Amino acid sequence: METPEERMGKYDLNLLSDTGTTEHSVSGGWLGSYYYDKRSGNQPARFEATFSRNGREGRFDGSILDDAVLGEARVLEGLQSGRSVSFTKVYISPPQGHSVHPITYEGTLSEDGKRISGKWQLDYRGARQRKSVRMTGSWEAHRLWNDLLEEEAVPEHQGLLLESGRR
């Protein structure tokens with residue numbers, strides 16, 4: 001019988017792609033920070049994200065909780081192609097007086113699948129502005145947990161017992 005460490009090592013956070021090569025999935029939990037390019041002090045804003053595959057090849061969705069004033073956001077149009085990752089973040093219920101616009105994120109997943117880093121971009125036009133304004137910055141995140149490991153963490157025999165209602 002395999003030990004939990006042997007089972008975890010067997011998967012090593014990898015998925016087998018259609019081409020037969022091993023690549024890491026972005027699915028799972030992430031803890032990170034984003035920074036503004038042109039902001040005094042450039043203090044990071046922290047966030048926690050959960051990404052989930054949505055059944056289509058390379059596509060994912062999810063949620064993000066910022067520690068900044070805008071709070072919770074949805075992840076839309078997530079796409080992973082190899083180590084390249086992109087998605088759009090849209091805030092759900094911004095506080096009164098805050099106008100929010102979709103924010104585009106692009107990044108690269110590390111070779112070991114434990115970190116993502118990249119750039120974000122926000123384009124908007126305020127009610128009194130004649131031209132669009134572009135804000136940009138960088139972001140980084142490290143993996144908290146992985147969907148594959150969560151599924152594999154329950155021994156097979158335990159899952160069968162739970163399904164049958166017996167312990």
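Values in this text are rule-based calculations from the coordinates and carry no lab data. The shown structure was predicted, so the numbers you read here are calculated from the model rather than taken from an experiment. Counting neighbours? That spans all protein chains shown, and the Cβs are built from the backbone with ideal geometry, glycine included.
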Response to the item:
Stretched fully, the stretch from Tyr124 through Leu79 gains (0.36 nm per residue minus C-alpha distance, one decimal, in nm) 13.9 nm
Fill in: Segment Lys131-Glu106, length gained on full extension (0.36 nm per residue, minus Cα span)
6.6 nm
Worksheet item: Could you put Val100, Val69, Val85, Val75 in order, starting from the residue whose Cβ has the fewest other Cβ atoms within 10 Å?
Response: Val69, Val100, Val75, Val85
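If you average 1/r over every pair of different alpha-carbon atoms in the stretch 40-79 and take one over that average, what Kirkwood value in Å do you get?
On the way: mean 1/r = 0.0879 Å⁻¹.
Final number for the Kirkwood radius of the stretch 40-79 is 11.4 Å.
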Worksheet entry | Span per principal axis, largest first, for the Cα atoms of the stretch 39-120 (Å) | 39, 30, 17
Worksheet item: Of the peptides 140-147, 114-121, how do they stack up when ordered by the mean number of other Cβ atoms within 10 Å, highest first?
Response: 140-147, 114-121
